[in-house]
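To start, the structure under review is shown below, and the notes come after it.
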């Protein structure tokens, strides 16, 4: 039975592998091996399929429309005066807090002793982050690292390929080629993970350091027309992410229960020794209650996004939403006011839209989506009709 040793103090390293798809872990030997020797949450879902909204939700423990970052246009509207972030909480608990990210807009600065921004054009992630761990190793530290290598290399590759193509149709007809390009960038990310783990062993701090590795969103390789990368739609290729959590001396286990990235806040808080009343009011719930629990129920997943481009550009707020429960999924696209319903067990690629407004399953999911709109003060074109 899982039980966190609350008498022990851990360093905490949180690593964001930006844009890494869950279905690619088998191509990453170091990550795959680590997942087998850790707590592996294999049914994790992001609550927003693009980095700004996803990371703000994770570090606040709140859905995007509640924390203020509910559109690309609103990346600077985080409600920092009323929301406690995970870095603020662990700092109060005696941690030295540090992060290394690609932009000051990617997540809130509050609560960090050191908020460092790197140059994506010149960075050697393995060397830089290894050295940063060495620098902090004599302290009790909380370190958030963002690795954008796979994400950026893919974007650059696709942009270069686009220059050779006559139209977007050519891109969306080249899924196998796009997939091959994506896969070609995975070894660098996997090498990075190996380096980080080797560094912890060299410093002899692996026995008192928790390592949490997660993806903030997946990435399209052209499966659905209109979305080249992410953030436009809410299909599962960008929602299905993962979390690998290495806790020293814990029995490895795959936790095959649906959960959300906002669940990371209370989980990290618990590792850091916070009392529950210190993080009440968060939308997320600790992941630890899912472990070794035969009665554990899957967690409802609500997702919101609003792409800058694509067939339904965001009107300066999120305009595409979905709810996932029991392998059933309801999508609402507010701008064209359309609905989609998928049976994910029998149709994991979301090819057959079974939406029927008279279906009991659809009615139930509409009720849950309506509840989400009300709880997060989301106004849509159907709000008065929900």
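The values are calculated or read from the model by the stated rules, or taken from the named source; none is laboratory data. Just so it is clear, the model here is predicted, and its values are computed rather than measured. As a convention, Cβ positions derive from the backbone with ideal geometry for all residues, glycine included, and neighbour counts pool all protein chains shown.
Of the listed requirements (1) within 23 Å of residue 55 (Cα to Cα); (2) over 24 Å from the mean Cα position of the chain (by Cα); (3) at pLDDT 95 or above, residue 355 misses just one: (1).
For residues in segment 115-133 being surrounded by 14 or more Cβ atoms within 10 Å (Cβ to Cβ) and more than 22 Å from the chain's Cα centre (by Cα), which is nearest to residue 268 (Cα to Cα)? So, considering only residues that are surrounded by 14 or more Cβ atoms within 10 Å (Cβ to Cβ) and more than 22 Å from the chain's Cα centre (by Cα), the one nearest to residue 268 (Cα to Cα) is 133.
Considering only segment 201-223, how many residues are touching a residue at least 60 places away in the same chain (Cβ under 8 Å) and under 24 Å from the mean Cα position of the chain (by Cα)?
Pass one, segment 201-223, residues touching a residue at least 60 places away in the same chain (Cβ under 8 Å): 203, 205, 208-219, 223.
Adding the requirement that they be under 24 Å from the mean Cα position of the chain (by Cα) leaves 209-219, 223.
Count: 12.
Yes or no: residue 87 within 20 Å of the chain's Cα centre (by Cα) and modelled with pLDDT under 95? No: the conditions fail for residue 87. Checking 340, 298, 357, 285 one by one, the residue that is touching a strand residue (DSSP E or B) at 6+ places or on another chain (Cβ under 9 Å) and assigned by TED's automatic domain parsing to the domain that holds residue 271 is 285 and no other.
When segment 45-56 is filtered for residues that are under 9 Å from the mean Cα position of the chain (by Cα), over 17 Å from residue 369 (Cβ atoms) and either free of Cβ contacts under 8 Å to residues at least 40 places away in the same chain or outside any loop (DSSP other than H, G, I, E, B) (or both), the ones remaining, listed by number, are 51, 54, 55. Checking 42, 66 one by one, the residue that is assigned to a strand (DSSP E or B), under 18 Å from the mean Cα position of the chain (by Cα) and in the same structural domain as residue 107 (by TED's automatic domain parsing) is 42 and no other. Residue selection: residue 157 fails the criterion of being modelled with pLDDT of 90 or more, outside any strand (DSSP E or B) and touching a helix residue (DSSP H, G or I) at 6+ places or on another chain (Cβ under 7 Å). Among the residues of segment 232-259, those identified as touching a strand residue (DSSP E or B) at 6+ places or on another chain (Cβ under 6 Å), part of a strand (DSSP E or B) and either crowded, with 18+ Cβ neighbours inside 10 Å or not assigned by TED's automatic domain parsing to the domain that holds residue 30 (or both) are 241, 242, 243, 244, 245, 246, 255, 259.
Only one entry in 227, 170, 176 is in a loop (DSSP other than H, G, I, E, B), at pLDDT below 95 and farther than 15 Å from residue 25 by Cβ, namely 227. In segment 299-308, is there at least one residue being loosely packed, with under 14 Cβ neighbours inside 10 Å and closer than 16 Å to residue 49 by Cα? Yes, some residue in segment 299-308 is loosely packed, with under 14 Cβ neighbours inside 10 Å and closer than 16 Å to residue 49 by Cα. Going through 372, 342 one at a time, which residue ends up being under 20 Å from residue 220 (Cβ atoms) and either outside any loop (DSSP other than H, G, I, E, B) or under 27 Å from the mean Cα position of the chain (by Cα) (or both)? Of the residues listed, the single one that is under 20 Å from residue 220 (Cβ atoms) and either outside any loop (DSSP other than H, G, I, E, B) or under 27 Å from the mean Cα position of the chain (by Cα) (or both) is 342.
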